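Each remark here refers to the structure printed beneath this line.
The values are calculated or read from the model by the stated rules, or taken from the named source; none is laboratory data. Please read all numbers here as calculations on a predicted model, not as lab measurements. Please note: Cβ atoms are built from the backbone with ideal geometry, for glycine as well, and neighbour counts cover all protein chains shown.
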Amino acid sequence: MQARIIMLVDLDYFYAQCEEKRNPSLQGKPVVVCVYSGRTEDSGAVSTANYIARRYGVKSGIPISLAKKKLKDIDSVFLPVDHEFYREVSEKVMEILRSHADEFEQVGIDEAYMDVTQGTRGSYEEAKELAARIKKDVWTQQKLTCSIGVGPNKLVAKIAADIQKPDGLTLIEAGEVGRFLSPLPVSRLVGVGRKTEKKMETLGIRTVGDLARFDVQRLVEVFGRKLGTYFHNASLGIDDEPVQERGEAESLSRISTLKENTRELAVILEEAEKLCDEVYARLLRRGLSFRSVSILVVATDLSVYSRSKTIENPTKELEVFKKTVRELFAKFLSESDVEARRVGVKVSNLAKEEEKQKQLTNFFG
Ligand code: DGT
Ligand code: CA
Ligand code: CA
């Protein structure tokens, strides 16, 4: 296989950074984004925190009450998660990233792998320029910072992105992989959790280098063939996984707040059709067809309603999209007495239309 250049882009303190983007007056203060369970006022867990809050020991997963204790007497901000907003921001960033990749694979709400081998003509120098360009684009267009790792495969790119945060850029060329990985703790490898880490420690394996020197046969005995082999290869920085779009599971959506709360169909549709145009533009750019259309209504009391319709055959028609949206809103309003505050549209069951086209061309060609 030809040598590849792979990037992993991960947005910094993502949910908290989205909150800072929405409300710049938060900048400079500890910001803690929380999942409130609702049992008591402070019950629940921290989803993420900005780097200022992290200096006080606040991090993902700790109880909100503990975070409040750590930030006692400090001017800090606690906010509830707003997934919808983060998803919207995420989709826009992913558009930017996708435009710079030969192959693209989003792996979470705030990170994506990019194969940039062709775009950079296999040159790490060009990859460095491209990464800088991506950081600049994400900053100027979305006012967000990210950390980027560049390496010969996904495994190395991911670890490289994690090593320097926030706003980091780390390049590891093929020849440097051994030196880069060996001093790192084994927990840096994907698939090595607490339990595995403990087990490896009993075998005298603490660093990736220790793991690389450990007898493969014994690793297989301890962890089984599949996992043992994986750990061995991972410790050597070997990883052939391709960067591949996971198109099927994806959807594209847009939501916006109405100028006034309303349950008037014409007013809602005027806004909704604008949203359709925006979603459709992104759909076209990616050459995707859709099978399902959904609408979303956020009521004045912030309760959320959605309705969907799936059509028989994948289509790329804007008019089908808009017509379905009109039908869904009309039906929804006739069935409920909800007053809308925000409305949204979504397409899902996406597929690359070219494949079918190609097959047809081959067949007739
Ligand atoms: P980073 O990448 O270290 O600068 O910080 P984040 O916050 O971007 O961390 P990351 O990339 O692991 O996770 C992305 C988002 O996923 C994060 O902003 C909030 C959410 N998240 C991460 N860990 C947890 C967790 O333990 N619980 C909950 N509810 N959400 C989490
Ligand atoms: Ca992140
Ligand atoms: Ca992430």
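Worth pointing out:
- Residue check, VAL304 at pLDDT below 95, within 26 Å of TYR113 (Cβ to Cβ) and of a type outside the set (Gly, Ala, Ser): no
- Restricting attention to region 10-64 and to residues that are β-branched (Val, Ile, Thr) and near ligand 1 (Cβ under 10 Å from one of its atoms), the residue that is nearest to the chain's Cα centre (by Cα) turns out to be THR48.
- Qualifying residue in region 135-156 (condition: among the acidic types (Asp, Glu), touching a residue at least 12 places away in the same chain (Cβ under 8 Å) and either away from ligand 2 (no atom under 16 Å from the Cβ) or under 30 Å from ALA49 (Cβ atoms) (or both)): yes
- Answer from PHE332, PHE321 - the residue that is within 17 Å of LEU258 (Cβ to Cβ) and of a type in the set (Phe, Trp, Tyr): PHE332
For every residue, the table says whether it meets (1) of a type in the set (S, T, N, Q); (2) in contact (Cβ under 8 Å) with a residue 12 or more places away in the chain; (3) under 17 Å from ILE96 (Cα atoms); (4) surrounded by 15 or more Cβ atoms within 10 Å (Cβ to Cβ).
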residue: ASP239; (1), (2), (3), (4): no, yes, no, yes
residue: ARG254; (1), (2), (3), (4): no, yes, yes, yes
residue: CYS276; (1), (2), (3), (4): no, yes, no, yes
residue: TYR280; (1), (2), (3), (4): no, yes, yes, yes
residue: SER292; (1), (2), (3), (4): yes, yes, no, yes
residue: PRO314; (1), (2), (3), (4): no, yes, no, yes
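- Only one of the listed residues (GLU271, GLU173) is of a type in the set (D, E, K, R), assigned by TED's automatic domain parsing to the domain that holds ALA101 and surrounded by 14 or more Cβ atoms within 10 Å (Cβ to Cβ). That residue is GLU173.
- Test: SER253 is assigned to a strand (DSSP E or B), within 17 Å of GLU91 (Cα to Cα) and of a type in the set (Gly, Ala, Ser): yes
- Residue ID - nearest to ligand 1 (Cβ to nearest atom), chosen from residues in region 81-127 that are within 15 Å of the chain's Cα centre (by Cα) and β-branched (Val, Ile, Thr): ILE109
- Inter-residue pairs, beta-carbon under 6 Å, first at positive phi and in region 97-123, second away from ligand 2 (no atom under 16 Å from the Cβ), 6+ apart: none
- The residues of region 11-34 that are within 16 Å of ligand 2 (Cβ to nearest atom) and either of a type in the set (Gly, Ala, Ser) or not in a helix (DSSP H, G or I) (or both), listed by number, are LEU11, ASP12, TYR13, ALA16, VAL31, VAL32, VAL33.
- Exactly one residue among SER76, SER37 is modelled with pLDDT under 95, more than 30 Å from PHE104 (Cβ to Cβ) and away from ligand 2 (no atom under 16 Å from the Cβ), and that residue is SER37.
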